[in-house]
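Working notes for the structure below.
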């Protein structure tokens, strides 16, 4: 499946001192007849140990990073008798990982600045105003002055004022003048 990158090991947990029975595409340097790993010994001592451990971080003896999956096999009595282990050498992927990390990284110095690339529509604006009023048990026009002020400031903070004619749409829905909408919006930023 991953030629040269994936080692497959079959362990016989009934003989922990010589557990490795087969090894294909040997990347770890282990040999048939080598003892069980710590994970294999855990399975032998605890039948409730998870039968499948997948995609866990591991390491080859020479330090190369590995992504491993181990599948325990039980007998009819519920005791672990074997394990099939897959060890994927991810060291060859490290340069790509580093390149991708650099590609998606953002400038830490700019973290305080947030730009919204989503263009707000008048439909979204109308829905938000109507939903907010409904949550308070009324219509947009029936909201108290304080509730209207809070709503306008929320809309400002969420970027709705960037939309064309947003102030007039808000004014029409709330039953106030456009000047009142701008006065409400002047308050403290959240």
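Just so it is clear, none of the values below were taken in a lab; they were calculated from the coordinates. Just so you know, these numbers come straight off a predicted model, no measurement behind them. Backbone-built Cβ (ideal geometry, glycine too); neighbour counts: all protein chains shown.
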If you stretched the chain out fully between residue 135 and residue 54, how much longer would it get, using 0.36 nm times the residue separation minus the C-alpha to C-alpha distance?
24.6 nm
If each DSSP helix of 4+ residues adds -39,500 (n - 2.57) and the sum is divided by the residues in the chain, what number results at 222 nm, nearest 500 deg cm²/dmol?
-10000 deg cm²/dmol
So if we plug the beta-carbon distance of residue 75 and residue 31 into 1/(1 + (r/R0)^6) with R0 = 25 Å, what FRET efficiency do we get, rounded to 0.05?
0.45
One can check that the equivalent ellipsoid of the range 122-185, built from the alpha-carbon gyration tensor with semi-axes equal to the square roots of five times its eigenvalues, has lengths in Å, largest first, of 16, 13, 10
From fewest to most C-beta neighbours within 10 Å, the residues 30, 145 line up as 145, 30
Taking Cα atoms of the chain, Rg/Rh with Kirkwood Rh, to two decimals?
1.39
Just to verify a number: FRET efficiency for residue 127 and residue 104, C-beta to C-beta distance, R0 = 25 Å, to 0.05?
0.20
Rank 73, 129, 44 by mean-square fluctuation in a GNM of the chain with C-alpha springs under 10 angstrom and give only the top-ranked residue.
129
Between residue 97 and residue 5, what is 0.36 nm times their sequence separation minus the Cα-Cα distance? Round to one decimal in nm.
31.5 nm
Identify the residues of the range 33-55 with backbone N under 17 Å of a label point that sits 7 angstrom from the Cα of residue 84 along the Cα-to-Cβ direction, or state none.
51-55
Percent relative contact order for the range 121-174, counting Cα pairs under 8 Å at least six residues apart, stands at 47
Residues 122, 68 in order from fewest to most other beta-carbon atoms within 10 Å are 122, 68
0 to 90° range, to nearest 10: angle between helix 122-135 axis and the chain longest Cα axis
90
Relative to the longest principal axis of the chain, what angle (0 to 90°, nearest 10) does the C-alpha long axis of helix 94-104 take?
0
Looking at the chain as a GNM with Cα springs under 10 Å, which of 102, 25, 75 has the largest mean-square fluctuation?
75
Arrange 169, 69 by Cβ neighbour counts within 10 Å, fewest through most, would you?
69, 169
Taking the chain as a Gaussian network, where each spring joins two C-alpha atoms under 10 Å apart, which residue of 165, 12, 79 fluctuates the most?
165
Please tell me the relative contact order of the chain in percent, rounded to the nearest whole number, where contacts are Cα pairs under 8 Å and at least six residues apart.
14
If you fit an axis through the alpha-carbon atoms of helix 145-157 and take the longest principal axis of the Cα set of the chain, what angle between them do you get, 0 to 90°, nearest 10?
50
